[in-house]
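Just so you know, all these numbers are worked out from the coordinates, no wet-lab data involved. In this text, all values refer to a predicted model and were calculated from it rather than measured experimentally. In this analysis, Cβ positions are derived from the backbone assuming ideal geometry, glycine residues included, and neighbour counts consider all displayed protein chains.
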Amino acid sequence: MARARVFITLKEGILDPQGKTVLRALKSLGYDEVEDLRVGKYMELELTGDDRGTLESRLGEMSEKLLTNPIIEDYRMEVDV
Amino acid sequence: MRFGVVVFPGSNCDHDCFYVLDKVLGQDVDYLWHGSTDVSGFDCLVLPGGFSYGDYLRTGAVARFSPVMSAVEKFAAGGGLVIGICNGFQILLEAGLLPGAMMRNTGLKFICRFVDIRVETTSTPWTSGAARGQVLRIPIAHNEGNYQVDAAALEEMKRRGQVVFRYCSPDGGVDGEHNPNGATESIAGICSREGNVLGMMPHPERASEAELGSEDGLVVWRSLLSHCGAAV
């Protein structure tokens, strides 16, 4: 059994209204050191198989087909075999 | 004309679309379950509004893999007429049948109210009976209507006349103040290159009878019927 994590973030240049709101909320609480904040998604997967190459390529396919919308989102993954 | 209204789990404007096409416009209409793979015999497919699959992951992201969508894609590729309203528009974007993507409204609020939209082109089956610049009063009801598309694709769309509706003021002015959701260039509706696929956030089916406050949605339906030479 392998475990994987997929981190999904909005592409640079795409406005993130949710991130802006959270940023403003932090600033209103006095956390002035926060310069920017963007909200993303995090997914944990359990997968069968132990070949890292295959797992990564399959997970990349899943990410591009369903987990993200490549028009607005980027992703990064970590696989533990 | 024979219409097919696609029903996804979570669609909630399917009955409204069916009612308007059947009772108000006197057309043949059938529901098409999301599991069906046969769309033969239909002249136009309607992807209605709602919250298909609970809007999980991203709006329309799961619905686009419904069995019926492969049939819708083939139908559209063959020139078939497809209209996606609100969640239906979001599904068309996720399916890649229309360019761009939807983001959350900039105000982070679900907006449900009448808006004014301006007809940007009359060279589509959906607006052939309108006047260019005509202002239609049609309600929106969405949380993700903030349309985004990259600059190059947007230029191409504008060049090809694919921007069909823009949010505007009651007298047709397009500005930030009358953009309810932050959509790029106030875009409220777009069509495919060939014009046969339309996606729009406002709900024409909710503005097709005077009793409901506006009949401007009929402009879309009647344009389509007249484009197809259908009897009304």
**Request:** Can you tell me the FRET efficiency between B:Y19 and A:R38 if r is taken as the Cβ-Cβ distance and R0 is 41 Å, rounded to the nearest 0.05?
**Result:** 0.45
**Message:** Counting each pair of different Cα atoms once, what's the Kirkwood radius of the protein assembly as shown in Å, rounded to one decimal?
**Reply:** 20.5
**Request:** Measure off 7 Å from each Cα along the Cα-to-Cβ vector at B:D43 and B:C228, then give the distance between these two points in nanometres to one decimal.
**Result:** 0.5
**Prompt:** Averaged over peptide B:107-116, how many Cβ atoms belonging to another chain are found within 10 Å of each residue's Cβ?
**Reply:** 1
**Asked** How large is the charge dipole for chain B, taken about the Cα centre, if only the Cβ atoms of Lys, Arg (+1) and Asp, Glu (-1) carry charge, to the nearest 20 debye?
**Response** 300
**In region B:79-121, chymotrypsin sites (Phe, Trp or Tyr not before Pro) in a DSSP loop with at most 14 other beta-carbon atoms within 10 Å** = B:F110
**Prompt:** Over what distance in Å are the Cα centres of region B:1-35 and region B:90-109 separated?
**Reply:** 22
**Message:** Going through the cross-link list A:K20/A:K41; A:K41/A:K65; A:K27/B:K109; B:K23/B:K158; A:K11/B:K109; A:K20/B:K158, which pairs have a Cα-Cα distance over 27 Å in this structure?
**Reply:** B:K23/B:K158; A:K20/B:K158
**Asked** Once amide H atoms are placed 1.01 Å from N in the peptide plane, what residues at a sequence separation of 5 or more from B:V29, or on another chain, have their amide H within under 5 Å of its amide H?
**Response** B:F3
**Request:** Work out the charge dipole of the protein assembly as shown with +1 on the Cβ of Lys and Arg and -1 on the Cβ of Asp and Glu about the Cα centre, then indicate which of B:F65, A:M77, B:N12 is farthest towards its positive end.
**Result:** B:N12
**Item:** Nearest-20 debye value, region B:1-129 charge dipole, Cβ charges on Lys, Arg, Asp, Glu
**Value:** 420
**Request:** Can you figure out the FRET efficiency of B:R193 with B:K109, using R₀ = 45 Å and their beta-carbon distance, to the nearest 0.05?
**Result:** 0.85
**Message:** Counting other C-beta atoms within 10 Å, and keeping those with at most 11, which DSSP coil chymotrypsin sites (Phe, Trp or Tyr not before Pro) do you find in region B:142-232?
**Reply:** none
**Prompt:** Could you work out the helix-only [θ] at 222 nm for chain A, with each DSSP H run of four or more residues adding -39,500 (n - 2.57) and the total divided by the number of residues, to the nearest 500 deg cm²/dmol?
**Reply:** -8500 deg cm²/dmol
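From Cα pairs below 8 angstrom and at least 6 apart in sequence, can you work out the relative contact order of region B:26-133, rounded to a whole percent?
Reported relative contact order: 23 percent.
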**Prompt:** Taking the Cα centre of each part, how many Å lie between region A:6-81 and region B:183-232?
**Reply:** 36
**Request:** For B:C86, list long-range residues whose amide hydrogen, built 1.01 Å from N in the peptide plane, is under 5 Å from its own amide hydrogen.
**Result:** B:M200, B:M201
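For n ≥ 4 DSSP H runs only, could you compute -39500 (n - 2.57) per run for chain B, divide by its residues and tell me the 222 nm figure to the nearest 500?
-5500 deg cm²/dmol
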**Request:** Measure nothing but the geometry: give the 0 to 90° angle between the long axis through the Cα atoms of A:52-62 and the longest principal axis through the Cα atoms of chain A, rounded to 10°.
**Result:** 60
**Asked** Hey, got the dipole for the protein assembly as shown? About the Cα centre, +1 on K and R Cβ, -1 on D and E Cβ, debye to the nearest 20?
**Response** 360
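Do any trypsin sites (Lys or Arg not before Pro) in region B:92-172 lie in a loop, going by DSSP, with at most 16 other beta-carbon atoms within 10 Å of their beta carbon, and if so which?
Passing both the DSSP loop test and the Cβ count: B:K109, B:R132, B:R160.
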**Complete:** Counting only DSSP beta bridges fully inside chain B, the antiparallel percentage to nearest 5 is 60
**Request:** Taking just the C-alpha trace of region B:51-114, give me its Rg and Dmax in Å.
**Result:** 12.6, 39
**Prompt:** Pick from A:G19, A:G53, A:G40: which residue has the top mean-square fluctuation in a GNM of chain A where Cα pairs under 10 Å get a spring?
**Reply:** A:G53
**Message:** What does the structure give for B:52-64 when I average, per residue, the other chain Cβ atoms found within 10 Å of the residue Cβ?
**Reply:** 2
